[in-house]
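Only one structure is covered here, and it is reproduced in the block below.
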């Protein structure tokens, strides 16, 4: 990266692994081991290293246990079919490779990888080695766009594992028709999120949700003005006002479910050895064992 700023890549590992698994055809070794998710993950990982030349890398994983969201809302993500066992079997192999690259792994029972990413993106600039750090979040999940800020961008897998978009504040505003990143949770509180089974306000679509947040700023302010019957709310259609008032509790609950946490109690430490000091021989051996011969030539130089 240009200038003296440090660059930290935070990987939303589960989402990248899922994207890779579904984007690539079944790829097996001569021993019959399915490795398409590992291969796709490495394609994205090596591409990001080449593009951003990060000083540090951290990887966040979902912990295989119920999260606080699923505990307070049993229907959270209920419509998603369970991921196939063949995908889950590849996760330990990805972790092995990350460890060989000196990449620290973060996971915490009760929380999703997104919450760890949000917490690290908040903690990292406060660390002594990170004044003004540039953060790149590598993800296949657009939920992470709410974390975009002045020094935080999201490198989003748009289609497959090769089509990527680097979202900054301007691109987020363009995607959400004028809403800033921090307003995405308010938008989702009203619109809901079908992919996560977050309800929102019934019958409130994308366009209406965007207009409401543009006009009122937050759902808290929207409801305050609705209950005060302010001049501003007189312009809203009676049916819409009725829906909003009837679904107030659901809207606030949807906001709580949508919001990425930034205060997960984790010990955020990076390894004393950076990824640049990785053991290249060990990684080459792993790639040979997986029969990823084409990736060996793409490995970055190690600073040993």
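The values are calculated or read from the model by the stated rules, or taken from the named source; none is laboratory data. Just so it is clear, the structure is predicted and the values come from calculations on it, not from any experiment. For neighbour counting, all protein chains shown are included, and Cβ atoms are generated from backbone atoms with ideal geometry for every residue, glycine included.
Which number in (1) surrounded by 13 or more Cβ atoms within 10 Å (Cβ to Cβ); (2) under 20 Å from residue 195 (Cβ atoms); (3) modelled with pLDDT under 95 marks the one condition that residue 61 misses?
(3)
What are the residues in the range 21-44 that are within 20 Å of residue 107 (Cα to Cα) and within 15 Å of the chain's Cα centre (by Cα), if any?
Answer for the range 21-44, where residues must be within 20 Å of residue 107 (Cα to Cα) and within 15 Å of the chain's Cα centre (by Cα): just 41.
Residues to consider are 227, 211, 256; find the one that is assigned to a helix (DSSP H, G or I), at pLDDT 95 or above and out of contact with any strand residue (DSSP E or B) (no Cβ under 8 Å at 6 or more places or on another chain).
Step by step, each of 227, 211, 256 is checked, and only 211 is assigned to a helix (DSSP H, G or I), at pLDDT 95 or above and out of contact with any strand residue (DSSP E or B) (no Cβ under 8 Å at 6 or more places or on another chain).
In this structure, is residue 173 in contact with a helix residue (DSSP H, G or I) (Cβ under 9 Å, 6 or more places away or on another chain) and over 29 Å from residue 253 (Cβ atoms)?
For residue 173, the condition - in contact with a helix residue (DSSP H, G or I) (Cβ under 9 Å, 6 or more places away or on another chain) and over 29 Å from residue 253 (Cβ atoms) - is not met.
Confirm whether residue 185 is in a strand (DSSP E or B) and either touching a helix residue (DSSP H, G or I) at 6+ places or on another chain (Cβ under 9 Å) or loosely packed, with under 15 Cβ neighbours inside 10 Å (or both). Please lay out each step first, then the result.
Details: in a strand (DSSP E or B): no; either touching a helix residue (DSSP H, G or I) at 6+ places or on another chain (Cβ under 9 Å) or loosely packed, with under 15 Cβ neighbours inside 10 Å (or both): yes.
No, not satisfied.
Is it fair to say residue 165 is surrounded by 19 or more Cβ atoms within 10 Å (Cβ to Cβ), in contact with a helix residue (DSSP H, G or I) (Cβ under 9 Å, 6 or more places away or on another chain) and outside any loop (DSSP other than H, G, I, E, B)?
no
Exactly one condition in (1) out of contact with any helix residue (DSSP H, G or I) (no Cβ under 8 Å at 6 or more places or on another chain); (2) in contact (Cβ under 8 Å) with a residue 60 or more places away in the chain; (3) not assigned by TED's automatic domain parsing to the domain that holds residue 236 is false for residue 160; which is it?
The single condition residue 160 does not satisfy is (1).
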